[in-house]
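Novice: Please find one structure pasted underneath; my questions will follow.
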Amino acid sequence: SLSLSLSLIKKNSYIMAEKEQQPAYPLASTNGYARSDQEAGPEHAKELRRKKRMKCFIYIVAFVIFQTAIIALFGLTIMKVRSPKFRVRSATFDSFDVGTATSPSFKLKMNAELGVKNTNFGPYKFDNSTITFFYKGTQVGSTNVLKSRAKLRSTKKFTIAVELSLTGNSDLGADLTSGVLQLTSQSSLRGKVELFKVMKKKKSTNMNCTMNISTTAKQLQNVVCK
């Protein structure tokens with residue numbers, strides 16, 4: 001029994017010695033994952049900051065482009081000041097006296113409707129003026145145009161009374177025979193376009209119209225203005 005006990009003691013001592021001689025390996029895999037997470041954390045945050053900066057830059061560029069487009073559209077439409085148009089629109093006659101081919105003359109009292117068309121985004125205020133009518137270069141009548149105001153994007157209509165008369169013209173007899181008198185009207189307006197009650201810009205407009213007066217129908221016809 002003594003020999004059996006000694007052999008068991010030797011065997012246990014040998015096993016313990018082998019365990020002590022085995023090297024201790026570190027937990028490489030666990031430490032590797034920890035290091036990887038520590039390195040990936042700052043990189044991920046840096047990427048997020050870069051994406052945020054890029055988004056902000058894109059928003060700023062888009063806003064600048066939008067504002068530029070709005071300003072350009074505003075300047076090309078609302079802030080662009082155009083010259084109004086001054087025209088003869090129609091007419092009626094209070095009196096209508098014409099001569100003959102052998103004794104050519106005419107004397108007419110005409111009520112002409114005029115129009116000032118203002119396409120601007122602000123009212124057009126114009127000063128006093130004069131409108132003159134001609135028959136083949138000869139003045140046959142004129143009258144005053146009183147100062148007034150054409151509202152924004154509208155046409156100011158008003159009526160003027162004028163007497164038209166002529167005698168002894170060499171061409172008048174033939175026109176009386178044909179039944180058509182061709183007249184022209186000329187005038188100019190000077191005024192200012194007011195935008196938003198702040199900016200005022202001077203604008204003038206000229207009238208140059210041709211028209212026919214039918215001596216048989218006693219009507220104004222074929223008004224053409226440039």
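Novice: State all residues of segment 57-98 that are in a loop (DSSP other than H, G, I, E, B), at pLDDT below 80 and not aliphatic (A, V, I, L, M); if no residue qualifies, say none.
Specialist: Answer for segment 57-98, where residues must be in a loop (DSSP other than H, G, I, E, B), at pLDDT below 80 and not aliphatic (A, V, I, L, M): just THR77.
Novice: Taking ASN206 as the residue in question, decide whether it is loosely packed, with under 15 Cβ neighbours inside 10 Å and either in a strand (DSSP E or B) or in contact (Cβ under 8 Å) with a residue 12 or more places away in the chain (or both).
Specialist: On the way: loosely packed, with under 15 Cβ neighbours inside 10 Å: yes; either in a strand (DSSP E or B) or in contact (Cβ under 8 Å) with a residue 12 or more places away in the chain (or both): yes.
Spelling it out, ASN206 is indeed loosely packed, with under 15 Cβ neighbours inside 10 Å and either in a strand (DSSP E or B) or in contact (Cβ under 8 Å) with a residue 12 or more places away in the chain (or both).
Novice: Give me the pairs, please: first residue somewhere in segment 135-146 and touching a residue at least 12 places away in the same chain (Cβ under 8 Å), second residue anywhere and outside any strand (DSSP E or B) and of a type in the set (A, V, I, L, M, F, W, C), beta-carbon distance under 9 Å, and either six or more positions apart or on two chains.
Specialist: Filtered contacts from segment 135-146: TYR135/LEU172; LYS136/LEU172.
Novice: So SER170 ticks every box in (1) in a loop (DSSP other than H, G, I, E, B); (2) touching a strand residue (DSSP E or B) at 6+ places or on another chain (Cβ under 6 Å) but one. Which box is left unticked?
Specialist: All conditions pass for SER170, except number (2).
Novice: Would you call THR177 surrounded by fewer than 19 Cβ atoms within 10 Å (Cβ to Cβ) and either over 24 Å from the mean Cα position of the chain (by Cα) or under 30 Å from PRO104 (Cβ atoms) (or both)? So that I can check it myself, show each step before the final result.
Specialist: Working: surrounded by fewer than 19 Cβ atoms within 10 Å (Cβ to Cβ): yes; either over 24 Å from the mean Cα position of the chain (by Cα) or under 30 Å from PRO104 (Cβ atoms) (or both): yes.
For THR177, the condition - surrounded by fewer than 19 Cβ atoms within 10 Å (Cβ to Cβ) and either over 24 Å from the mean Cα position of the chain (by Cα) or under 30 Å from PRO104 (Cβ atoms) (or both) - is met.
Novice: Could you tell me whether any residue of segment 108-116 is part of a strand (DSSP E or B) and among the polar types (S, T, N, Q)?
Specialist: The answer is yes; a qualifying residue exists.
Novice: If you don't mind, another one. Among the candidates LEU189, LEU183, LEU176, LEU195, which residue alone is over 18 Å from LYS151 (Cβ atoms) and touching a residue at least 60 places away in the same chain (Cβ under 8 Å)?
Specialist: Exactly one residue qualifies, and that residue is LEU176.
Novice: Being surrounded by 13 or more Cβ atoms within 10 Å (Cβ to Cβ) and either at pLDDT 95 or above or under 19 Å from ASN206 (Cβ atoms) (or both) is true for just one of LEU146, LEU166. Which residue is that?
Specialist: Going through LEU146, LEU166 in turn, the sole match is LEU166.
Novice: Among the residues of segment 126-137, how many are buried (at least 16 other Cβ atoms within 10 Å of the Cβ) and not aliphatic (A, V, I, L, M)? So that I can check it myself, show each step before the final result.
Specialist: Restricting attention to segment 126-137, the residues satisfying the condition of being buried (at least 16 other Cβ atoms within 10 Å of the Cβ) are 126, 129, 131, 133-135.
Narrowing the set further to residues that are not aliphatic (A, V, I, L, M) leaves 126, 129, 133-135.
Here the count works out to 5.
Novice: Out of SER185, SER165, report the one residue that is within 27 Å of ALA101 (Cβ to Cβ), in contact with a Lys or Arg (Cβ under 6 Å, 6 or more places away or on another chain) and either polar (S, T, N, Q) or in the same structural domain as SER95 (by TED's automatic domain parsing) (or both).
Specialist: Numbers: SER185 fails: in contact with a Lys or Arg (Cβ under 6 Å, 6 or more places away or on another chain).
Answer to the check: SER165.
The values are calculated or read from the model by the stated rules, or taken from the named source; none is laboratory data. Since we're looking at a predicted model, the values are computed, not measured. Note that each Cβ is placed from the backbone with ideal geometry, even for glycine, and that neighbours are counted across all protein chains shown.
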